[in-house]
Amino acid sequence: MYDVIVVGGGAAGYFCAINIGEFNPSLKIAILEKSSKTLAKVKVSGGGRCNVAHAAYEPSLLVKHYPRGKKELLGPFYNFSTNNTIDFFERRNVSLKTEDDGRIFPVSNSSQTIIDCFEKEVKSKGILLFKETTVVEIVNNYKGEDKIDPGWTLETNKGDFYCSNLVVCTGSSPKTWKTIESLGHTIVPPVPSLFTFNIKDKLIEDIPGLSTIAEVKLQINFFKGSRQKSRGNSFISSGPLLITHWGLSGPAILKLSAWAARELNECDYKFKIVVNWLPDLSINELYVSLNDLRTRESKKTIYKTKAFGLPSRLWMKLVKSAGLSSEEKWAEISKLKLEKLSKQLSATEFSVNGKSTFKEEFVTAGGVELKEVDFKNFESKIHPSLYFAGEVLNIDAITGGFNFQNAWTGGYIAAKAIANTYLN
Ligand SMILES: Cc1cc2nc3c(=O)[nH]c(=O)nc-3n(C[C@H](O)[C@H](O)[C@H](O)COP(=O)(O)OP(=O)(O)OC[C@H]3O[C@@H](n4cnc5c(N)ncnc54)[C@H](O)[C@@H]3O)c2cc1C
């Protein structure tokens, strides 16, 4: 019989168990993990370097990186956010560093440092770890009465476990979501998030590796009744755009894949995007700049001009796809062609047909319905003494350390809430 059982030996589960042990060392705590390896995702995260957090310190700015969970995480981030994550690790002699793009990593550049830190903490706090132990059924024994012990029975392949408080940190596990569903919770159907777009298009086919800052807009057509509706203006993102062998990738694309995860799943990953290669210029400003080039560079071929800081091979492709020949000089270009080039530079349309995984890094959008959870303590509104933290909830973020921050914040707040129940 345990005071607390944490189901799932991943980022959220470890962080929660450690913090419960820190708040109240007298509590009997166990972690149940179905696989033979704990912290498997932490190990491979951030390309083996573990991007533990992001240098977004203000809660109102931090929440902007969560397509799902934005509203619910605001309050929790005032209790535990980036600074607290840094403090947690630094107090345990894990030095962290912030890279230019804001991502925070251990100075060692190795996820093993984080794993070693967690394992040391679990050991020193006397938290019991049961590997290869799969929870297959969760039974609430409280049934509305006041406190009766054991409150919870967990049926596993290794027999039954009993506890007063239960924290479910099982990540994106379809089987375990079914188990949670049988407790009366709603599970928002899972769909993939964080992926790249597959595109076959002459404009980008032989220039993989090129990267530029661009703005990308989604154009999704979907049917409502018999009427076709077009959506897209609500999904715009900007940032580095990377041309790959398969299509387009980079932060601008990954952000879109996260924000529109559900809509893109609905259209079976067949949709159109419009790329603005020069998002700092309006189409009119662009036309004026091109006209200016026509006067200043009149004797030069358009094709070979270095323009707007775009990679030259990309510029050549854009010029060609606007219908200009490789010999045409600026002086020879008609107004109409100038307009066509402006259009091409500010709104190139691509057809996307399918998706690919980004460096094997992906998260799942979907999970426990957020309306059924009290975010003051991450406790179920249906079953008191049942808590959720991490990816098991319908919360996910764009890349950059935000998904781990969700795991740390939820794990910490649930831990504090549980420890508080023992204060009286
Ligand atoms: C390749 C890759 C790289 C990533 N890199 C980063 C990064 O650098 N930064 C970042 O912020 N995010 C990153 N992410 C996302 C991040 O890893 C996850 O958001 C995070 O691990 C979620 O933590 P969690 O504890 O909720 O779930 P998990 O880490 O998935 O842990 C859940 C655990 O529960 C166990 N479990 C499930 N069901 C049961 C059951 N019934 N009984 C017992 N145990 C069970 C599972 O085996 C698992 O060990 C990455 C993801 C991937 C796939």
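The values are calculated or read from the model by the stated rules, or taken from the named source; none is laboratory data. Owing to the predicted nature of the structure, the values given are computational and were not obtained by experimental measurement. Here the Cβ is made from the backbone with ideal geometry for all residues, glycine too, and neighbour counts use every protein chain on show. These accessible areas exclude ligands, DNA and RNA; they are computed on the full protein's heavy atoms, side chains included. Shrake-Rupley method; radii C 1.70, N 1.55, O 1.52, S 1.80 Å.
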| query | What is the chain's relative contact order, in percent, from Cα pairs under 8 angstrom and six or more apart in sequence? | reply | 23
| task | Could you calculate the contour length gain from residue 234 to residue 61, that is, 0.36 nm times the residue separation minus the distance between their Cα atoms, to one decimal place in nm? | result | 60.3 nm
| query | For the Cα atoms of the chain, what angle does the longest principal axis make with the long axis of helix 70-79, in degrees from 0 to 90, nearest 10? | reply | 60
| Whole-angstrom gap from region 195-216 to region 63-118, using each part's C-alpha centre | 31
| note | Under a Gaussian network model of the chain whose springs join Cα atoms within less than 10 Å, the largest fluctuation of 250, 46, 323 belongs to 323
| request: Quick one: among 82, 170, 113, which has the greatest mean-square fluctuation in a GNM of the chain with alpha-carbon springs under 10 angstrom? | output: 113
| Cα centroid separation - region 381-421 against region 282-352, whole Å | 51
| remark: Here the gain from full extension of residue 181 to residue 369, 0.36 nm per residue of separation minus their alpha-carbon distance, amounts to 66.7 nm
| remark: Out of 140, 353, 157, a Gaussian network model of the chain with alpha-carbon springs under 10 Å gives the largest mean-square fluctuation to 157
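If I stretch the segment between residue 40 and residue 22 completely, what's the gain in nm (0.36 nm per residue apart, minus their alpha carbon distance), one decimal?
Numbers: separation 18, 0.36 × 18 = 6.48 nm, distance 2.35 nm.
Separation in residues times 0.36 nm, less the Cα-Cα distance, equals 4.1 nm.
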| task | Within region 185-223, which residues have the backbone N less than 18 Å from the label spot 7 Å out from residue 326 along Cα→beta-carbon, could you tell me? | result | 202-208
| request: Using label points projected 7 Å from each Cα along Cα→Cβ, tell me how many nm separate residue 337 and residue 131, to one decimal. | output: 6.8
| task | Place the peptides 389-401, 288-300 in order of packing, highest mean first, counting for every residue the other Cβ atoms within 10 Å and averaging per peptide. | result | 389-401, 288-300
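Would you work out what percent of the accessible area of the chain, with all protein chains in place, is carbon or sulfur (probe 1.4 Å)?
With neighbouring chains kept in place, the figure for the chain is 51 percent.
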| request: Enter the angle in degrees (range 0 to 90, nearest 10) between the Cα long axis of helix 283-296 and the first principal axis of the Cα atoms of the chain, meaning the one along which they spread out most. | output: 40
| query | To the nearest 10 degrees, how steeply does helix 111-124 sit against the main Cα axis of the chain, on a 0 to 90 scale? | reply | 10
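For a protection proxy built on the mean count of beta-carbon atoms within 10 angstrom, sort 378-385, 97-104, 186-193, 256-263 highest first, please.
Details: 378-385: 18.9, 97-104: 13.8, 186-193: 17.4, 256-263: 21.6.
Descending mean neighbour count gives 256-263, 378-385, 186-193, 97-104.
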| message | Antiparallel versus total DSSP beta bridges in region 1-135: what percent is that, nearest 5? | response | 40
| query | Using the per-residue mean of other Cβ atoms lying within 10 Å as a proxy for protection, in what order, highest first, do the peptides 342-351, 85-94 fall? | reply | 342-351, 85-94
